[in-house]
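Asker: Following this message is one structure expressed as structure tokens.
Please treat every number below as a calculation from the coordinates, not as lab data. As the structure is a prediction and not an experimental result, all values here were calculated from the model. Here Cβ is always computed from backbone atoms with ideal geometry, including for glycine, and neighbour counts include all displayed protein chains.
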2 protein chains.
Amino acid sequence: MALKDELEKNRQKKKDEKYMKAALKEAKKAYDINEVPIGCVIVRDDKIIGKAYNKRNTDKNVLSHAELLAMQQACKKTGDWRLEDCTMYVTLEPCQMCSGAMVQARLKRVVIGSMNAKAGCAGSVLNILQMEEFNHQVEIEKGVLEEECSQMLSAFFSDLREQKKQF
Amino acid sequence: MALKDELEKNRQKKKDEKYMKAALKEAKKAYDINEVPIGCVIVRDDKIIGKAYNKRNTDKNVLSHAELLAMQQACKKTGDWRLEDCTMYVTLEPCQMCSGAMVQARLKRVVIGSMNAKAGCAGSVLNILQMEEFNHQVEIEKGVLEEECSQMLSAFFSDLREQKKQF
């Protein structure tokens with residue numbers, strides 16, 4: 001690989017890790033209110049234009065996944081239902097609803113922390129983000145800060161099991 | 001078919017048509033504000049607990065599809081992110097995002113007016129609603145008041161072409 005490409009790759013990697021850390025901060029907020037810790041930020045032109053964490057139980061609303069809440073914010077910020085030049089950073093592989101929303105919003109790129117073998121729709125169960133039949137495909141980057149992302153989930157479910165034992 | 005089954009089938013058909021008419025009324029509201037006319041109602045125990053129409057351009061929000069707005073209302077009404085005993089009536093076959101949301105909400109049944117060969121995810125491009133890999137499958141009924149539903153869409157797009165000609 002040419003030196004220039006190598007430098008560009010490193011620069012992108014650092015940027016991806018920086019924003020994934022911001023998504024992890026969001027996930028921690030979910031953890032603190034006893035929600036499955038999933039966090040998300042949306043970035044355009046090197047600025048965060050949407051950030052959110054899973055609040056499905058708190059809001060009693062099926063739409064309160066981190067990704068949808070962040071997309072709603074980003075749409076409000078840009079005044080457009082299209083998020084064409086945006087990158088989403090999310091700590092866990094998105095479900096069928098959130099993946100579908102990304103295609104609908106024509107999101108440019110999604111960066112994923114840990115994968116979700118049982119229910120993920122960015123390649124695990126299904127790859128809704130890159131189906132040729134749809135009018136848009138989303139670029140996917142996997143495994144950014146994977147360990148931190150999956151550790152937060154493991155810790156949460158381990159806590160949950162402990163709590164259950166006590167009752 | 002036994003007489004009892006026949007009567008039950010007719011009763012269900014009438015009920016389905018009644019609620020699809022309510023969904024068509026919603027679609028008409030979208031038509032009147034120049035949005036693609038798609039309408040939706042959600043029914044539980046023979047009561048409408050959510051109704052909405054497509055407002056994606058008006059709201060400048062990718063989440064403002066009729067189905068998601070109606071689900072949000074239904075969640076608010078029931079105080080639960082699960083819509084397990086609910087039936088959705090929607091004038092057009094849902095997209096990947098809305099189909100995904102129905103599976104997430106564990107919706108019981110969806111009744112569809114007209115199909116969407118190019119983008120529908122209740123059987124046309126993909127059947128997200130009934131994938132064995134997911135933890136929930138949604139019952140599907142197709143073709144209820146199909147003609148009225150597809151005519152409303154055709155009329156809308158025909159108007160749109162006329163408007164474009166004038167500029």
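Asker: Could you list the residues of the range A:40-57 with an amide nitrogen less than 13 Å from a label point located 7 Å from the Cα of A:Lys76 in the Cα-to-C-beta direction?
Answerer: Within reach of a label on A:Lys76, which here means backbone N under 13 Å from a point 7 Å along Cα→Cβ, the range A:40-57 contributes A:49-53.
Asker: Could you work out how far helix A:66-78 tilts from the main Cα principal axis of chain A, as a 0 to 90 degree angle to the nearest 10?
Answerer: 50
Asker: What residue among A:Lys28, A:Lys51, A:Lys76 shows peak mean-square fluctuation when chain A is described by a Gaussian network model with Cα springs under 10 Å?
Answerer: In the Gaussian network model the winner is A:Lys76.
Asker: Net charge within 10 Å of B:Lys29 by Cβ-Cβ distance, Lys/Arg positive one each and Asp/Glu negative one each, not counting B:Lys29 itself?
Answerer: Numbers: positive: B:Lys25, B:Lys28, B:Lys51, B:Lys55; negative: B:Glu26, B:Asp32, B:Glu35.
Cβ neighbours under 10 Å give a net charge of +1.
Asker: Let me ask something additional. Would you work out which of A:Gly113, A:Gln96, A:Thr78 lies farthest towards the positive end of the dipole of the range A:73-116, given +1 charges on the beta-carbon of Lys and Arg and -1 on that of Asp and Glu, about the Cα centre?
Answerer: A:Thr78
Asker: Turning to a different aspect of this structure: Compute the long axis of helix A:146-165 from its Cα atoms, compare it with the longest principal axis of the Cα atoms of chain A, and write down the angle in degrees, 0 to 90, nearest 10.
Answerer: The answer is roughly 10 degrees.
Asker: From zero outward in steps of 10 Å, how is the percent of C-alpha pairs of the range A:1-99 spread across the bins?
Answerer: Bins of 10 Å from zero give 17, 43, 28, 10, 2, 0 percent of pairs.
Asker: Suppose we consider the axis relating copy B to copy A; can you name the residue of B with the nearest Cβ and state that distance in angstrom as an integer?
Answerer: B:Gly100, 2
Asker: Rounding to the nearest 20 debye, state how big the charge dipole of the protein assembly as shown is about its Cα centre with +1 on each Lys and Arg Cβ and -1 on each Asp and Glu Cβ.
Answerer: Here the protein assembly as shown has a charge dipole of around 920 debye.
Asker: Ok, one more. Looking at the P(r) of the protein assembly as shown, how many percent of alpha-carbon pairs lie beyond 37 Å? Show your work: numbers first, answer last.
Answerer: Values: 11612 of 55611 pairs.
Pairs farther apart than 37 Å: 21 percent.
Asker: If you restrict to DSSP beta bridges whose two residues both lie in the protein assembly as shown, what percentage is antiparallel, to the nearest 5?
Answerer: Numbers: 22 of 38 bridges.
Antiparallel bridges: around 60 percent, rounded to the nearest 5.
Asker: A follow-up question, please. Starting from the Kirkwood radius over alpha-carbon pairs of chain B, derive D by Stokes-Einstein at 20 °C in a medium of 1.002 mPa s and give it in µm² s⁻¹.
Answerer: Values: Rh = 16.2 Å.
Estimated diffusion coefficient is 132 µm²/s.
Asker: Follow-up question, since we're still on this one. Just the number, please: Stokes-Einstein D of the range B:40-90 in µm²/s, Kirkwood Rh from C-alpha pairs, 4 °C, 1.567 mPa s.
Answerer: Numbers: Rh = 10.9 Å.
Answer, rounded: 119 µm²/s.
Asker: Could you give the length gained on full extension between B:Lys108 and B:Lys47, defined as 0.36 nm per residue of separation minus the Cα-Cα distance, in nm?
Answerer: Values: separation 61, 0.36 × 61 = 21.96 nm, distance 1.49 nm.
Extra length available between B:Lys108 and B:Lys47 comes to 20.5 nm.
Asker: Now, a different point. Using the Karplus equation 6.51 cos²θ - 1.76 cosθ + 1.60 (θ = phi - 60°), what ³J(HN,Hα) coupling, rounded to whole Hz, does each residue of the range A:33-47 give in order, writing x for Gly and Pro?
Answerer: Couplings: 10, 6, 9, 3, x, 10, x, 8, 10, 10, 10, 9, 6, 6, 10 Hz.
Asker: Separation between the A:Ala22 and A:Leu7 pseudo-spin-labels, each 7 Å from Cα along Cα→Cβ, expressed in nm?
Answerer: For A:Ala22 paired with A:Leu7, the spin-label model returns 2.5 nm.
Asker: Where in the range A:103-163 are there GluC sites (Glu not before Pro) that are in a DSSP coil and have at most 16 other Cβ atoms within 10 angstrom of their Cβ? Intermediate values should be presented prior to the final figure.
Answerer: Working: sites: A:Glu132, A:Glu133, A:Glu139, A:Glu141, A:Glu146, A:Glu147, A:Glu148, A:Glu162; in loops: A:Glu132, A:Glu133.
Answer in residue order: A:Glu132, A:Glu133.
Asker: Calculate the dipole size of chain B relative to its Cα centre from +1 charges on Lys and Arg beta carbons and -1 charges on Asp and Glu beta carbons; express the result in debye to the nearest 20. Mind showing how you got there, number by number?
Answerer: Values: 28 positive and 25 negative charges, 103 e Å.
The dipole magnitude comes to about 500 debye.
Asker: How long is the gain from B:Thr58 to B:Leu160 if the chain were fully straight, where each residue apart is worth 0.36 nm and the alpha carbon distance is subtracted? Could the numbers behind the result be given before it?
Answerer: On the way: separation 102, 0.36 × 102 = 36.72 nm, distance 1.64 nm.
Between B:Thr58 and B:Leu160, full extension yields an extra 35.1 nm.
Asker: To the nearest 10 degrees, how steep is helix B:3-32 against the longest Cα principal axis of chain B, on a 0 to 90 scale?
Answerer: Rounded to the nearest ten degrees, it is 30.
Asker: A further question on this structure: Over the whole of B:87-96, what's the average partner chain Cβ count within 10 Å per residue? Rounded to a whole number, please.
Answerer: Numbers: counts 0, 0, 0, 0, 0, 0, 0, 1, 5, 15.
Counting Cβ atoms of other protein chains within 10 Å of each residue's Cβ and averaging gives 2.
Asker: Mind giving me the nanometre distance, one decimal, between the label points for A:Lys142 and B:His136, set 7 Å out from Cα along Cα→Cβ?
Answerer: 2.6
Asker: When the Cα centres of the range B:90-131 and the range B:1-19 are compared, how far apart do they sit, in Å?
Answerer: Cα centroid of the range B:90-131 versus Cα centroid of the range B:1-19: 23 Å apart.
Asker: Quantify how strongly other chains surround peptide B:100-110 by giving the mean number of their Cβ atoms within 10 Å of each of its Cβ atoms.
Answerer: Details: counts 11, 10, 3, 5, 9, 4, 1, 1, 0, 0, 0.
Per-residue shielding by partner chains comes out at 4.
Asker: Let me ask you something else. Taking the simple approach of a point 7 Å from Cα along Cα-to-Cβ for both B:Gln151 and A:Phe167, what is their distance in nm?
Answerer: 5.4
Asker: Also, quick follow-up: Have a look at the DSSP beta bridges in the range B:14-167 and tell me what percent are antiparallel, nearest 5.
Answerer: Numbers: 11 of 19 bridges.
Antiparallel bridges: around 60 percent, rounded to the nearest 5.
Asker: Another question about this same structure. Summing Lys, Arg as +1 and Asp, Glu as -1, what charge do residues with Cβ under 13 Å from the Cβ of B:Trp81 carry, B:Trp81 excluded?
Answerer: Values: positive: A:Lys55, A:Arg56, A:Lys60, B:Lys76, B:Lys77, B:Arg82, B:Arg106; negative: A:Glu35, A:Asp59, B:Asp80, B:Glu84.
Surrounding charge for B:Trp81 is +3.
Asker: Tell me the net charge near B:Cys40. Cut-off is 10 Å between Cβ atoms, B:Cys40 excluded, with +1 for each Lys or Arg and -1 for each Asp or Glu.
Answerer: Working: positive: B:Lys51; negative: B:Glu26, B:Glu67.
Combined, the nearby Lys, Arg, Asp and Glu give -1.
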